[in-house]
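**Student:** Please find one structure pasted underneath; my questions will follow.
No value in this document is a laboratory result; all are computed from the given coordinates. Note that this is a predicted model, so its numbers are computed, not measured. Please note: Cβ atoms are built from the backbone with ideal geometry, for glycine as well, and neighbour counts cover all protein chains shown.
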Amino acid sequence: MKLVVIKSKECKVALCCTGCLIIMSLWFAVRTGEILVFDLLKSALLIILSYTAMIFDINTKRIPNTLILIMIAGWLILIIPMMFIDTENGINQMVDSLYGLLSGGGLFLLVYMISNKGLGGGDVKFMAAAGLYLGFAGTIPAILCGTVLAALAGLVLIILKKIRRKDTIPLVPFLFAGIMITIIVP
């Protein structure tokens with residue numbers, strides 16, 4: 001078994017922030033009995049980890065598997081206590097999250113296979129993990145907003161002759177924008 005070592009500063013910062021948020025929110029949830037804290041924590045965790053993925057994608061055009069594993073582990077850390085605090089709501093959240101994973105990851109995997117790897121594998125894994133947090137109802141709008149923004153940015157860059165038609169641009173910054181829009185606009 002290989003030990004995962006987090007070397008990047010951005011990943012370490014995101015992990016520390018995530019850990020602090022989880023501890024504070026779980027403490028608050030236990031004290032107040034409020035389940036809505038989990039929704040707030042889920043959104044905050046997704047924003048922190050998506051921002052980190054965006055930084056990696058801009059700098060390297062890669063999304064580390066370690067970050068994807070941290071996203072999945074963070075989701076598990078959120079959903080497991082929810083299953084004990086409010087079982088019915090926890091099960092509903094888990095099922096919705098799995099639909100989000102399948103819709104986000106499945107749609108991007110289909111595009112990845114059809115487009116002859118025109119979409120990166122990291123983008124597929126990222127959107128699948130983000131789907132866990134967004135659920136089915138949030139995943140599709142986030143993908144639509146993100147891909148439309150990416151297409152518009154690509155078109156503008158081509159018109160301005162900053163890139164050629166065959167060049168690639170990082171997708172996660174636009175997916176991050178789509179995720180933010182989906183979280184903020186109900």
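**Student:** Are any of the residues in the range 100-110 over 18 Å from Met71 (Cβ atoms), without any contact (Cβ under 8 Å) to a residue 40 or more places away in the chain and of a type in the set (Phe, Trp, Tyr)?
**Tutor:** No, every residue in the range 100-110 fails to be over 18 Å from Met71 (Cβ atoms), without any contact (Cβ under 8 Å) to a residue 40 or more places away in the chain and of a type in the set (Phe, Trp, Tyr).
**Student:** Looking at Leu67, Leu102 in this structure, which one is out of contact with any Lys or Arg (no Cβ under 6 Å at 6 or more places or on another chain), within 30 Å of Lys166 (Cβ to Cβ) and not β-branched (Val, Ile, Thr)?
**Tutor:** After applying the criteria, what remains is Leu67.
**Student:** Check whether at least one residue in the range 47-55 is surrounded by fewer than 17 Cβ atoms within 10 Å (Cβ to Cβ), part of a helix (DSSP H, G or I) and of a type in the set (Ser, Thr, Tyr), and report yes or no.
**Tutor:** No, the range 47-55 has no match at all.
**Student:** I've got another one for you. Determine the pairs where a residue that is of a type in the set (Ser, Thr, Tyr), located within the range 128-139, has a partner that is buried (at least 24 other Cβ atoms within 10 Å of the Cβ) with Cβ atoms under 6 Å apart, the partner being 6 or more residues away or on another chain.
**Tutor:** Pairs found: Tyr133/Leu46; Thr139/Gly100; Thr139/Gly104; Thr139/Gly131.
**Student:** Hey, another quick one. Quick check on this structure: which one of Ile72, Ile143, Ile80 is under 10 Å from the mean Cα position of the chain (by Cα) and not small (Gly, Ala, Ser)?
**Tutor:** Ile72
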